[in-house]
1. Working carefully through the options Asp4, Asp97, find the one that is surrounded by fewer than 16 Cβ atoms within 10 Å (Cβ to Cβ) and in a loop (DSSP other than H, G, I, E, B).
2. Please specify each residue of segment 26-59 satisfying the condition of being free of Cβ contacts under 8 Å to residues at least 40 places away in the same chain, farther than 22 Å from Gly126 by Cβ and buried (at least 20 other Cβ atoms within 10 Å of the Cβ).
3. Counting just the residues of segment 1-24 that are in contact with a helix residue (DSSP H, G or I) (Cβ under 7 Å, 6 or more places away or on another chain) and of a type in the set (A, V, I, L, M), which one comes out nearest to Ala98 (Cα to Cα)?
4. Specify which of the listed residues (Glu69, Glu41) is touching a Gly at 6+ places or on another chain (Cβ under 7 Å) and part of a helix (DSSP H, G or I).
5. Within segment 60-94, take every residue that is within 17 Å of the chain's Cα centre (by Cα) and farther than 19 Å from Arg10 by Cβ and give me the one that is surrounded by the fewest Cβ atoms within 10 Å (Cβ to Cβ).
6. Just the residues that are within 25 Å of Leu129 (Cα to Cα), within 15 Å of ligand 1 (Cβ to nearest atom) and not hydroxyl-bearing (Ser, Thr, Tyr), please, taken from segment 193-224.
7. Taking the options Ile125, Ile120, Ile102, name whichever one is touching a Gly at 6+ places or on another chain (Cβ under 8 Å), in contact (Cβ under 8 Å) with a residue 60 or more places away in the chain and crowded, with 22+ Cβ neighbours inside 10 Å.
Amino acid sequence: MSTDTKPRQRIERLRQSRAVILPSMLLCDFGNLAAEVARLEAVGVQALHLDVMDGHFVPNLTYGMPIVEAVRRLTDLPLDVHLMIANPRQYIRQFADAGADILTVHAEIEDNVTEILQDIQRLGIGAGLAVNPGTELQGLEAAIDSCDLFLAMSVQPGFGGQAFNPVALDKLRRVRQQYPTKLLEIDGGINQKTIADARDAGATLFVVGSAIFGQPNYGQAVGALEAQLGEQRAVD
Ligand code: DX5
Ligand code: ZN
């Protein structure tokens, strides 16, 4: 287990927040990564979401440890790393070493996901369980029990900019009812129209891609989302 206590402190910060908007870096300008992170910090975002795709578990390829490591060097914000990869077991230590605070793996992988979640926790970081829109919760009880964060996907993972699928809301409600203190996150199609429904279903972590990066002013984009949640802006 890692002796680094920072991941636990960063996760605790997320637990204390009623609503955290996590920009999904999938749609950021990677040619200006340092400037993008600085712009997001300047508008007061509280955490970042990093989408790792392997071209196998999902039909898209993004990035791996070097980008997580680069973002870690740029910020002290919590890094929430979403692994859309077929074989996360092989890489969890490397992602933890790269600076992930939370590592989320998918329920749909062909492996023992409960065991992987426990391995992630033994590395001293948070373990997340992601569930695709078409995946039922039945049969996932042990995995849900073992995770620090439950991620309900509201799109089929792979690409930003897709339409919100409300099937995620029912899953959030069910997990919230059974686990009042677990971190609940939603990812896919979150915008001004959908974010309040996600909050009402129990989410406190909201991953947002196109509704931030498709806008010229990140502060206004984040502010408009927070306004839907009745949150005050800390920074303009
Ligand atoms: C989808 C990714 C998301 C995505 C969200 O595969 O996991 O994090 O980038 O983007 P929007 O908010 O545009 O749906
Ligand atoms: Zn994601």
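1. Result of the check over Asp4, Asp97: Asp4.
2. Within segment 26-59, just Glu36 meets the criteria.
3. Met1
4. Unique residue meeting the criteria: Glu69.
5. In this case the residue turns out to be Tyr63.
6. If the condition is that a residue be within 25 Å of Leu129 (Cα to Cα), within 15 Å of ligand 1 (Cβ to nearest atom) and not hydroxyl-bearing (Ser, Thr, Tyr), then Ile195, Asp197, Ala198, Ala203, Leu205, Phe206, Val207, Val208, Gly209, Ala211, Ile212 are the ones that fit.
7. Ile102
Values in this text are rule-based calculations from the coordinates and carry no lab data. Not measured: the values here are computed from a predicted model. Cβ coordinates were reconstructed from backbone atoms using ideal geometry, including for glycine residues, and neighbour counts include every protein chain displayed.
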